[in-house]
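Here is the structure we will look at, set down as structure tokens.
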Ligand SMILES: [Zn+2]
Ligand SMILES: [Zn+2]
């Protein structure tokens with residue numbers, strides 16, 4: 001398969017956002033607004049006047065551009081070698097953020113500006129006490145937002161309705177839902193069902209009895225981000241899925257337990273791989289933990305797999321996430337044509353848990369830790 005891309009975007013080596021269309025018709029219809037993407041690239045070659053001339057290299061597929069226009073994803077299901085039984089459903093209109101909420105620099109036009117060119121993509125920032133206090137506040141809000149989402153998980157609810165809970169709870173707390181419009185992501189959280197590894201887009205699909213669903217929440221508040229996720233059971237889930245989810249939870253716990261000053265970042269992957277492979281499960285390699293703070297994603301990069309090449313050692317004052325994605329089958333991932341939804345290559349299930357962590361002088365503080373009020377949804381935590 002090939003995602004249908006705007007050939008001009010390919011030529012200009014522009015990122016995937018805005019470069020994918022669900023069909024030639026979609027491309028033609030979208031051309032009037034799409035061509036500004038090329039102009040924005042500040043390159044001298046003029047945008048063609050007629051989209052028709054550009055269509056010769058295009059095949060069937062979608063759809064990121066359709067998502068940006070808020071169109072249904074099901075009106076034209078793309079030709080794609082779906083790896084499992086899950087399919088995309090329509091996506092609702094972009095949710096509004098009231099004017100009094102402080103917005104990150106991608107909120108309006110979809111493009112982060114400070115983040116990609118920051119020194120903290122290479123250097124791991126040591127947070128000041130003031131930054132750390134803000135991270136504590138933001139991460140606590142993130143936890144309460146995820147807990148609110150967890151309470152509504154049940155068969156029959158759509159992931160779009162879960163997204164509304166996340167969006168409203170974030171705004172009620174005075175925060176901005178960081179995923180919203182980040183590189184044009186269309187929703188306020190990620191919801192990853194069954195074979196979806198991560199970055200699933202909340203849509204009109206109703207959760208079914210026996211599903212598993214990961215909800216990944218990031219809140220921006222007082223200028224800093226807090227990022228966490230958990231995988232929940234929908235109704236009655238089979239034993240293999242229960243083992244997968246519990247093992248993934250344990251992988252994160254075991255990784256957190258080694259965090260302290262002086263430990264190499266690459267050790268995290270060794271711990272996670274050891275525990276996952278003991279249960280016959282595999283570790284996703286394409287998506288990693290990350291530094292976090294005033295930037296949503298920055299150094300360090302934290303692979304979750306064994307024999308990784310992550311450089312550096314942990315130091316007090318660093319904040320980063322650990323977020324292992326563990327698969328029931330093969331580790332390999334595939335991307336849906338929407339440019340976001342990462343699925344297992346064999347269609348078997350995947351689970352994930354994530355915390356935002358602070359390295360302290362003596363060990364680690366889990367900034368997104370569960371609260372006494374957090375819903376009791378994990379059987380292995382019940383006393
Ligand atoms: Zn996350
Ligand atoms: Zn993250």
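What follows draws every value from the coordinates through simple rules; no lab data is involved. As the structure is a prediction and not an experimental result, all values here were calculated from the model. Every residue, glycine as well, gets a Cβ built from its backbone with ideal geometry; the counts of neighbours run over all protein chains shown.
Remark: relative contact order (the stretch 259-311) = 46 percent; criterion is Cα-Cα distance under 8 angstrom and separation of 6 or more residues. Each Cα pair under 8 Å and six or more residues apart adds its separation to the average, and for the stretch 114-381 the resulting relative contact order is 23 percent. Counting 0.36 nm for each residue step from residue 277 to residue 99 and taking away their Cα separation leaves a gain of 59.3 nm. For the stretch 207-311, the relative contact order comes to 24 percent (Cα pairs under 8 Å, sequence separation of at least 6).
Taking each pair of distinct Cα atoms in the stretch 114-381 once, what is the resulting Kirkwood hydrodynamic radius in Å? So the Kirkwood estimate lands at 18.2 Å. Counting every C-alpha pair in the stretch 137-246, the share spaced more than 23 angstrom apart comes to 23%. All distinct Cα pairs of the stretch 256-299 go into the 1/r average, and the inverse of that average, the Kirkwood radius, is 12.2 Å. Ordered by the count of other Cβ atoms within 10 Å of each Cβ, fewest first, 106, 82 give 82, 106. Only residues of the stretch 311-336 count here: report those whose backbone N is under 12 Å from the spot 7 Å along Cα→Cβ of residue 285, or say none. Counting only backbone N, you get 331-333. Out of every Cα pair in the stretch 207-307, what percent are spaced more than 22 Å from each other? Value for the stretch 207-307: 40 percent of Cα pairs lie more than 22 Å apart.
Spin-label model, residue 130/residue 310: points 7 Å from Cα along the beta carbon direction are separated by 3.0 nm.
The calculated FRET efficiency for the pair residue 267 and residue 361, based on their C-beta separation and a Förster distance of 22 Å, comes to about 0.70. The largest-to-smallest principal axis extents of the Cα set in the stretch 324-369 are 43, 23, 15 Å. If R0 is taken as 45 Å, the Cβ-Cβ distance between residue 119 and residue 11 corresponds to a FRET efficiency of 0.90.
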